[in-house]
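Working notes, structure below.
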Amino acid sequence: MATAAARLLSALTGAQREKIGFDFADEAQRRDWSFLPVPERLGLQLGELDDGQRKLAHELIVAGTSMPGYAKVVSVMAMEHVLRALTMATRPDVARRLFDPGRYSLKVFGAPGDAGAWGWQLTGHHVSLNYTVADGRYVSPTPTLLGSQPSSFGTLAPLADDEELGYRFVNSLDDAQRKAAVIHHRPPPDLATRIVPRIGDVERPDPVFAPEPGYVIDDAERDILSYVRNGPKGVPGHALTAGQLGELEALVAAFAGRLPDDVAAAQLRLTGDAGLENLWFAWAGDTAPGGRHYFRVQGPVLLIEHDNTQDNGRHIHSAWRNPVDDFGDDVLGAHLRREHGLPS
């Protein structure tokens with residue numbers, strides 16, 4: 001990643017480097033990982049690059065993803081063409097301003113390859129990739145999010161395999177397990193943890209997703225669907241059979257598989273060290289394909305959230321987070337203790 005980032009920076013003009021470059025200590029920018037289609041976004045947009053520069057930008061994205069992960073990223077970007085075409089008839093101004101693959105933005109924090117810490121980010125509508133590198137070898141790849149609107153169109157369905165794994169798992173449970181796993185008959189309008197820069201001890205989903213004002217949950221439902229760090233909801237790993245626990249591990253591995261093999265393996269080791277029996281699986285909404293639904297896999301160092309709630313189950317958000325290491329909080333703390341003698 002350091003090599004790819006350095007090659008991209010060396011190919012940019014001075015003005016472009018001003019746009020892409022941020023101080024690593026700029027916490028506000030490092031933790032701004034919004035995947036909403038906002039009118040303005042800081043950083044260097046892909047649409048501002050020439051062909052050679054754009055190739056180098058994609059080489060950086062490739063360095064931060066597996067080949068299946070990269071295919072998902074570019075498929076999500078391609079879906080922006082579909083969304084713009086679908087929206088043009090009713091909201092042409094919105095379609096032109098917001099839904100454009102050229103609007104995805106890159107930021108680089110610090111100097112690539114710095115012996116201390118550096119990082120980079122790609123954000124845009126339904127894509128948020130965030131990497132923090134410490135000591136040249138420790139990588140925090142979260143939060144990472146991919147989404148799709150619509151969830152599929154023709155042969156394009158960027159997150160269909162992730163969704164299928166969730167359906168397959170919840171419907172593989174026996175009656176008692178499914179009763180524990182399904183925490184509510186209605187899903188949250190969006191991710192329970194929303195786009196917070198740090199996951200707190202308790203996170204409640206928003207009552208409504210602004211573009212779809214007709215789907216609302218009340219405060220009691222927000223409590224039921226909330227993320228509670230020390231009080232996970234759903235069915236626990238220790239209540240699963242060995243085979244079922246293997247299936248849950250495979251689901252987690254599929255999400256980690258968006259990352260390069262070595263980075264994914266490191267993330268899976270963290271989850272394994274924390275104990276697969278300490279994972280919890282929760283579901284909300286319809287368990288039959290086609291309706292609004294949400295699932296969550298929660299553990300000490302893992303949070304997967306997948307919702308397909310909006311537009312009656314045709315608008316996906318799918319996130320991987322680490323409650324203790326998003327944006328490198330844990331690896332940076334370890335670096336400071338090792339290199340600077342700071343107390344834990």
Hypothetical label at Gln29: residues of region 109-137 whose amide nitrogen lies under 14 Å (7 Å Cα-Cβ projection)
109-112, 118-123
On full extension of the chain, what length is gained from Ala85 through Asp135, given 0.36 nm per residue of separation minus the C-alpha to C-alpha distance?
13.5 nm
If you compute Cα extents along the principal axes in Å for the structure shown, which of [x] 61, 59, 34; [y] 58, 38, 35; [z] 68, 51, 38 do you land on?
[x]
For region 226-283, calculate the relative contact order in percent as a whole number, restricting contacts to Cα pairs under 8 Å that are 6 or more residues apart.
59
Among all the lysines, which ones have a C-alpha under 20 Å from Lys55's C-alpha, if same-chain residues fewer than 8 places away are not counted?
Lys19, Lys72, Lys107
Using 0.36 nm per residue, how much length does the chain from Ala71 to Thr241 gain when fully extended, once their Cα-Cα distance is taken away?
57.9 nm
Relative contact order (percent) for region 160-324, with alpha-carbon contacts under 8 angstrom and 6 or more residues of separation?
25
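Could you list Glu277, Glu203 so that the one with the fewest beta carbons within 10 Å of its beta carbon is first and the one with the most is last?
Glu277, Glu203
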Can you list the DSSP H helices in the chain whose Cα atoms extend at least 24 Å along the helix axis and whose mean Kyte-Doolittle hydropathy is 0.5 or higher?
67-88
If the only charges are +1 at each Lys and Arg Cβ and -1 at each Asp and Glu Cβ, what is the size of the charge dipole of region 9-77 around the Cα centre, to the nearest 20 debye?
240
For the residues Leu106, Leu83, Leu129, what sequence is obtained by ranking on other C-beta atoms within 10 Å, fewest first?
Leu83, Leu106, Leu129
Could you compute the FRET efficiency for Ala220 and Arg178, with r as their C-beta to C-beta distance and R0 at 30 Å, rounded to 0.05?
0.85
Using the Kirkwood formula on the Cα atoms of region 106-146, what hydrodynamic radius do you get, in angstrom to one decimal?
10.4
Using 0.36 nm per residue, how much length does the chain from Ala15 to Glu164 gain when fully extended, once their Cα-Cα distance is taken away?
49.2 nm
Kirkwood hydrodynamic radius, computed over distinct alpha-carbon pairs, for region 160-324: how many Å, to one decimal?
15.8
Cα-Cα P(r), region 2-142, percent of pairs per 5 Å interval:
2, 10, 20, 23, 20, 14, 7, 3, 1, 0, 0
Region 251-344, Kirkwood Rh and Cα Rg, ratio Rg/Rh at 1.09
Return the whole-Å distance between the Cα centroid of region 267-317 and the Cα centroid of region 40-118.
25
Dividing the mean separation of Cα pairs under 8 Å (6+ apart) by the residue count of the chain yields a relative contact order in percent of 18
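Read the figures in this text as sums done on the coordinates, not as results from a lab. Note that this is a predicted model, so its numbers are computed, not measured. With ideal geometry, Cβ positions are generated from the backbone for all residues, glycine too; neighbour counts draw on all protein chains shown.
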